[in-house]
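For reference, the structure discussed in these notes is given below.
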Amino acid sequence: MEQSDRETIKTGGQGATPFTQTYFHGTKADLKVGDLIEVGFNANYGQQQNSKYIFLTGTLDAAVWGAELALGGGQERIYLVEPTGAIENDPDLTDRKFPGNPTQSFRSTQPFRVVGEVTVWQGHSSEQVKTMKEHLEKLRGQGINSLND
């Protein structure tokens with residue numbers, strides 16, 4: 001199924017079935033099953049406060065990056081989440097870096113419900129994380145620090 005980068009993906013709201021897409025959210029926040037991840041709080045990245053969007057991904061690797069790059073001193077965590085409303089492609093990644101959205105990165109203004117936690121996962125090497133952080137710092141120096149404004 002092809003769709004434009006701006007097209008909204010509708011969720012059925014039925015709950016998990018064997019054919020439901022799995023979504024992940026990487027962070028350093030300590031959450032529990034049933035908690036909602038909502039807009040309006042400090043973003044995981046940059047200096048943005050009162051974020052307009054929350055983000056999830058359909059790939060474990062992108063969630064690992066989310067956990068590793070999140071601000072704060074907490075433990076890196078990856079949660080299984082379900083959207084409670086519509087999600088759409090994350091334009092920072094699909095428009096600028098990865099046309100076609102191979103990272104399956106999405107955003108929403110509607111909450112995500114935590115339905116589980118991935119407790120065993122392999123992080124990137126410290127050198128890869130260092131290189132990514134340097135790259136993000138370089139982008140910030142160029143005034144590129146979107147999180148979709």
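The values are calculated or read from the model by the stated rules, or taken from the named source; none is laboratory data. Bear in mind the structure is a predicted one, so any value in this text is a computation, not a measurement. Cβ placement follows ideal geometry from the backbone for every residue including glycine, while neighbour counts extend to all protein chains displayed.
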Number of the exception - L93 against (1) at pLDDT below 90; (2) in a loop (DSSP other than H, G, I, E, B): (2)
Matching residues, the stretch 101-116, being over 15 Å from P83 (Cβ atoms) and crowded, with 16+ Cβ neighbours inside 10 Å: N101, T103
Residues located in the stretch 70-88, provided they are among the hydrophobic types (A, V, I, L, M, F, W, C) and assigned to a loop (DSSP other than H, G, I, E, B): A70, L71, A86
Test: T27 is surrounded by 12 or more Cβ atoms within 10 Å (Cβ to Cβ) and modelled with pLDDT of 90 or more: yes
Output for the stretch 51-69, where each listed residue is assigned to a loop (DSSP other than H, G, I, E, B), out of contact with any Phe, Trp or Tyr (no Cβ under 7 Å at 6 or more places or on another chain) and either of a type in the set (D, E) or under 20 Å from V39 (Cα atoms) (or both): K52, Y53
